[in-house]
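Remarks on the structure that follows.
The values are calculated or read from the model by the stated rules, or taken from the named source; none is laboratory data. The structure presented is a predicted model; accordingly, all values stated were derived computationally and were not measured. Neighbour counts are summed over all protein chains in view; Cβ atoms, including those assigned to glycine, are modelled from backbone coordinates with ideal geometry.
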Amino acid sequence: MKKITATLLCAILVMSVLTGCSPKKDESLQETAQPTLMTFNEGKTYEDQASYASGIVTVSDVIIKNTTFNGDLTIDKSVGEGDVTLDGVNVKGKLIIQGGGSNSVHVDNSEINAIESGKEDSAVRIVISEKTKVDTIDLGGHTNLEVSGQITSLNVKPEAKATGIALQPNSKVEKVEVNAPTSLLVQAPITDLNLKAASKVSLEAAVENVRVEAAAANSTLALAKGVELKNLATETQVDVSGEGKLTNVLTTDAANVTGNIKAENTTVNENPIQESNKEVVVTTPQPTTPKPTAAPTKAPATPAPTVEPTVEPTPVPPSTPNPTPIPTPIPDKTITVTTPQELKDALAGDKEIITISGTLGSTSDYTAYDVNRAVTINGATGNNVYGTFNIRTSGVTISNINLTIRGGGVDSLKKWN
């Protein structure tokens, strides 16, 4: 009996295996599961619509299409000087570029949260196409960047070595910050350009604000014909040359801005970078002459009645018009000076506007003028001042002054207007 029972149990077990009664794995889950890390290790086109947690490219000549990475995508240094193209790719983390050469990384029709470039041994070229959107780009190492797409913030890191950036005509870039020496070509309007390292900048499109910090001394700004730089704030020397227009300058020293383009308005301030971040608009106030108040119109006189010849007419006293308000005389706020001593006295006084007329000093008579209060100093036509202005406070505006500094050469004749 025991033998029969054992035989039956074995038969049942065999039937279970043959008929598939054993538990099955969920095949649908197997089909949809994606690898945590996708490795692109063949030089070919990957165009399956797929989604991965992250990815890494380890060889050159890779084209990735219509793919989403919920984390980072890395172009590994093993790519060497090879090429990688992303087309229709969405990277929700970072696109980390450690490899590639002079014609290497192309980002087309894609949406990238952030790009981080850090190739050390040689330059990598990154091309951002017109239909690509990137939130932030951080450039380190050796990078040549060409942008036709849309970027919110572009940052050159302090450790960057040789960086070249071209913002091409169709690009849309809001803010650029440069922390290492850079060659920058701007062919599309941008809002803010902050220079924190000596750089060469070519402006072929309008820029709203340029800020030059002390560490960026001797930077150059070349303005193409018809280009306007609206606001320049600088703590140090910067050369502004070309055929464009410089509207407002905010600086610690009016002599900081050199070159053949002169600002329409220059204001001296102890903290120009901080003030410019407050969106202060620099203007040059001009003295105005108050318009006299028109005299009141008299009503038509009523004809006097005819009197008898024998009666002496009673003299009618003339009517007294209402007094005309007298405008505040200009001398209460302004003064015109024609000698060095008059200028020194005026600076020590309380006049809000000082106008310099004629020539103050000579090649053998230079004077140092201390400016210790907020004041506007204007130059009349044909003025000349031999000496220097020592600005010791904020709120000082200087315009239309022809200034010759002792020992100066060709550049010693300054005109701020």
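Kindly provide the set of residues from the range 237-251 that are surrounded by 19 or more Cβ atoms within 10 Å (Cβ to Cβ) and β-branched (Val, Ile, Thr), ordered by number. So that I can check it myself, show each step before the final result.
The first filter runs over the range 237-251 and keeps only residues surrounded by 19 or more Cβ atoms within 10 Å (Cβ to Cβ), leaving 238, 240, 242, 244, 246, 248-251.
Selection gives Val238, Val240, Val249, Thr251.
Among the residues of the range 88-105, are any under 15 Å from Tyr46 (Cβ atoms) and more than 32 Å from the chain's Cα centre (by Cα)?
First pass over the range 88-105, keeping only residues under 15 Å from Tyr46 (Cβ atoms): 88-91.
Okay, now just the ones that are also more than 32 Å from the chain's Cα centre (by Cα), so none.
The answer is no; no qualifying residue exists.
Please indicate, with yes or no, whether at least one residue in the range 197-207 is assigned by TED's automatic domain parsing to the domain that holds Glu111 and touching an Asp or Glu at 6+ places or on another chain (Cβ under 6 Å). It would help to see each step written out before you state the result.
Here is the first cut: in the range 197-207, the residues assigned by TED's automatic domain parsing to the domain that holds Glu111 are none.
No, that holds for no residue.
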Scan the range 134-151 and report the pairs whose first residue is at positive phi and whose second residue is part of a strand (DSSP E or B) and surrounded by 19 or more Cβ atoms within 10 Å (Cβ to Cβ), with Cβ atoms within less than 8 Å and a gap of 6+ or a chain change. Gly141/Ser117; Gly141/Val124
Name the pairs whose Cβ atoms lie under 7 Å apart, with the first residue in the range 205-221 and surrounded by fewer than 17 Cβ atoms within 10 Å (Cβ to Cβ), the second of a type in the set (A, V, I, L, M, F, W, C) and in a strand (DSSP E or B), and 6 or more positions between them or separate chains? Thr220/Val201
Close pairs from the range 102-114: first in contact (Cβ under 8 Å) with a residue 12 or more places away in the chain and farther than 18 Å from Glu81 by Cβ, partner surrounded by fewer than 24 Cβ atoms within 10 Å (Cβ to Cβ) and hydrophobic (A, V, I, L, M, F, W, C), Cβ under 6 Å, at least 6 apart: Ser110/Val89; Ile112/Val134
Is it fair to say Thr234 is β-branched (Val, Ile, Thr), at pLDDT below 95 and not assigned by TED's automatic domain parsing to the domain that holds Ile356? no
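Has the range 55-65 got at least one residue that is of a type in the set (Gly, Ala, Ser) and assigned to a strand (DSSP E or B)? Working first, answer last.
Step one: of the range 55-65, the residues of a type in the set (Gly, Ala, Ser) are 55, 60.
The next check asks that each one be assigned to a strand (DSSP E or B); those that pass are 55.
Yes: the range 55-65 contains one or more residues that are of a type in the set (Gly, Ala, Ser) and assigned to a strand (DSSP E or B).
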I'd like the full set of residues that are modelled with pLDDT of 85 or more, crowded, with 19+ Cβ neighbours inside 10 Å and of a type in the set (Ser, Thr, Tyr), limited to the range 370-412. Thr376, Tyr386, Thr397
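State yes or no: is Leu193 out of contact with any helix residue (DSSP H, G or I) (no Cβ under 8 Å at 6 or more places or on another chain), surrounded by 22 or more Cβ atoms within 10 Å (Cβ to Cβ) and either in contact (Cβ under 8 Å) with a residue 60 or more places away in the chain or not assigned by TED's automatic domain parsing to the domain that holds Ser276 (or both)?
Details: out of contact with any helix residue (DSSP H, G or I) (no Cβ under 8 Å at 6 or more places or on another chain): yes; surrounded by 22 or more Cβ atoms within 10 Å (Cβ to Cβ): yes; either in contact (Cβ under 8 Å) with a residue 60 or more places away in the chain or not assigned by TED's automatic domain parsing to the domain that holds Ser276 (or both): no.
It is false that Leu193 is out of contact with any helix residue (DSSP H, G or I) (no Cβ under 8 Å at 6 or more places or on another chain), surrounded by 22 or more Cβ atoms within 10 Å (Cβ to Cβ) and either in contact (Cβ under 8 Å) with a residue 60 or more places away in the chain or not assigned by TED's automatic domain parsing to the domain that holds Ser276 (or both).
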One residue from Ser54, Ser60, Ser78 being surrounded by fewer than 17 Cβ atoms within 10 Å (Cβ to Cβ) and small (Gly, Ala, Ser): Ser78
